Amino acid sequence: MTNKTTVLIVEDEDAIAHFISTVLTANGYRTINATNGAEAISLISSHCPDLILLDLGLPDMDGLEVLRKTREWSGIPILVVSARGEEQQKVEALDLGADDYITKPFGSSELMARIRAAIRHGIKMEMGEDLPDGKFTRGDLAVDFKKRIVTVDGKDVHLTQNEFKIVTLICKHVGQVLTYSYILNQVWGQFAQNDRQILRVNMANIRRKIEKNPAEPKYILTEVGVGYRMPDED
Ligand code: CA
């Protein structure tokens, strides 16, 4: 009971902070609260929470500033809480080292799924895990990392090398959003940084090969204006 996971909630709106706190407490987490950026920064260094839920719109400073300052010395998982339409800030937050984001308004199951994924990711990073070994399966989809093949219902879907790299990257971060620039950088290197079209074309081909209905994908979802995510299976 003494070893509860501690989550710092940085949120200036009482109703939202209260909602998050109630959900987390009911799920066995310990919560601490900050209502502005300065308080958040001081609590992060004094309490070393296991996860930070960070609202971007704070009364005293930009939430991105809290993120930047924290990342100077800590790899604590940070889940950004943003309002609708803040796509640019979300992308910036992810590029500054946030682990994921959740958009208001959100329900308790979405919140818990994101928190669990971010904590899992934080543990993996600490243990220095790299590419997954062996196999990844999800529904009819199976990725064999050693043989470098992807099958659906047991049949090889014949991905190209880059398509395979994209699928591997996304499987490795199940439950987390990956930004366009992150994927481009990992697959094509820094020179493809802003060429989203090449990624869109590859994703369309991947979906045609792995999804039953490419227009309504269930394995790899689009996060409009941000990137792609394989949803968590919770
Ligand atoms: Ca706010």
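Specify the angular offset, from 0 to 90 degrees and rounded to the nearest 10, of the alpha carbon long axis of helix 37-47 from the longest principal axis of the alpha carbons in the chain.
Roughly 90 degrees, rounded to the nearest 10.
Treating only the Cβ of Lys, Arg, Asp and Glu as charged (+1, +1, -1, -1), what charge dipole size does the range 135-229 show about its Cα centre? Round to the nearest 20 debye.
On the way: 16 positive and 9 negative charges, 39 e Å.
So the dipole magnitude of the range 135-229 works out to roughly 180 debye.
Please give the length that would be gained between residue 142 and residue 46 if that part of the chain were fully extended, namely 0.36 nm times their separation in residues minus their C-alpha to C-alpha distance (nm, one decimal).
Computed gain between residue 142 and residue 46 is 30.2 nm.
Placing +1 on the Cβ of each Lys and Arg and -1 on the Cβ of each Asp and Glu in the chain, which of 154, 182, 73 has its Cα farthest towards the positive end of the resulting dipole?
Ranked along the dipole, the leading option is 154.
Cut-off 10 angstrom, C-alpha nodes, Gaussian network model of the chain. Which of 46, 82, 21 fluctuates the most?
Comparing 46, 82, 21 in the GNM, the peak value goes to 46.
For an R0 of 41 angstrom, estimate the FRET efficiency from the Cβ-Cβ distance between residue 212 and residue 83 and round to the nearest 0.05.
My answer for the efficiency is 0.75.
So what's the gap between the Cα centers of the range 67-85 and the range 135-203, to the nearest angstrom?
26 Å
Can you give me the angle between helix 108-127 and the longest principal axis of the chain, using Cα atoms only, in degrees from 0 to 90, rounded to the nearest 10?
The answer is roughly 80 degrees.
Which percent, nearest 5, of DSSP beta bridges in the chain are antiparallel?
DSSP beta bridges in the chain are roughly 50 percent antiparallel.
Specify which residue in the list 101, 83, 117 is farthest towards the positive end of the charge dipole of the range 6-127, using unit charges on the beta carbon of Lys, Arg (+1) and Asp, Glu (-1), about the Cα centre.
117
Can you sort 120, 208 by how many other beta carbons sit within 10 Å, fewest first? All intermediate terms of the calculation are to be shown ahead of the outcome.
Numbers: 120 17, 208 10.
The order, fewest Cβ neighbours first, is 208, 120.
Please compute the length gained on full extension between residue 204 and residue 27, using 0.36 nm multiplied by the number of residues separating them and subtracting their Cα-Cα distance. Intermediate results must be reported in sequence, preceding the final value.
On the way: separation 177, 0.36 × 177 = 63.72 nm, distance 3.81 nm.
Contour length minus the Cα-Cα distance gives 59.9 nm.
Evaluate the charge dipole of the range 6-127 about its Cα centre and quote only its size in Debye, nearest 20, assuming +1 on the Cβ of each Lys and Arg and -1 on the Cβ of each Asp and Glu. Spell out each step's value before the answer.
On the way: 11 positive and 19 negative charges, 106 e Å.
It works out to roughly 500 debye.
Within 10 Å of each residue's Cβ, count the other Cβ atoms and sort 73, 188 from fewest upward. Don't skip to the answer; put the middle values down first.
Details: 73 9, 188 17.
Placing the least packed residue first, the sequence is 73, 188.
Bear in mind that the values in this text are calculations on the coordinates, not laboratory data. This is a predicted model, so every value here is computed, not measured. Methodologically, a virtual Cβ is constructed for each residue, glycine included, from the backbone with ideal geometry; neighbour enumeration extends over all protein chains shown.
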